[in-house]
Amino acid sequence: MDVNKYIILNNPLLYADNNAEIQGVVNTIYNQIKNISYAPGTIELLEDYGINCGDIIKCDGKTFYVMKKEITNAGVTLTCVGSQERTESSNLNKEI
């Protein structure tokens, strides 16, 4: 079964001698993000309707996280980037 991983790197609040010391915090983070699903894409609007980066909107029934907002004379472009799967990260610090 392929699953995406959420890896937290170099966060001083999550350093511990063993997993038991931070398991509660890790469980809380997991419970907050486990059901996040969104559709990458671009939405072009004539005006911004007060939508800002970080907002979560619905478009055609799909969840869209506004990651970039570009304003031009022609209107506003909202962008949400990503893919269904992420490649394995190899920048883990082995000394930690």
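Throughout, read-outs are computed from the coordinates displayed, never taken from laboratory work. As the structure is a prediction and not an experimental result, all values here were calculated from the model.
Tabulated data
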quantity: Residues whose placed amide H lies under 5 Å from that of Thr63, excluding near-sequence neighbours; calculated: Ala39
quantity: Per principal axis, descending, Cα span of the range 38-77 in whole Å; calculated: 28, 18, 16
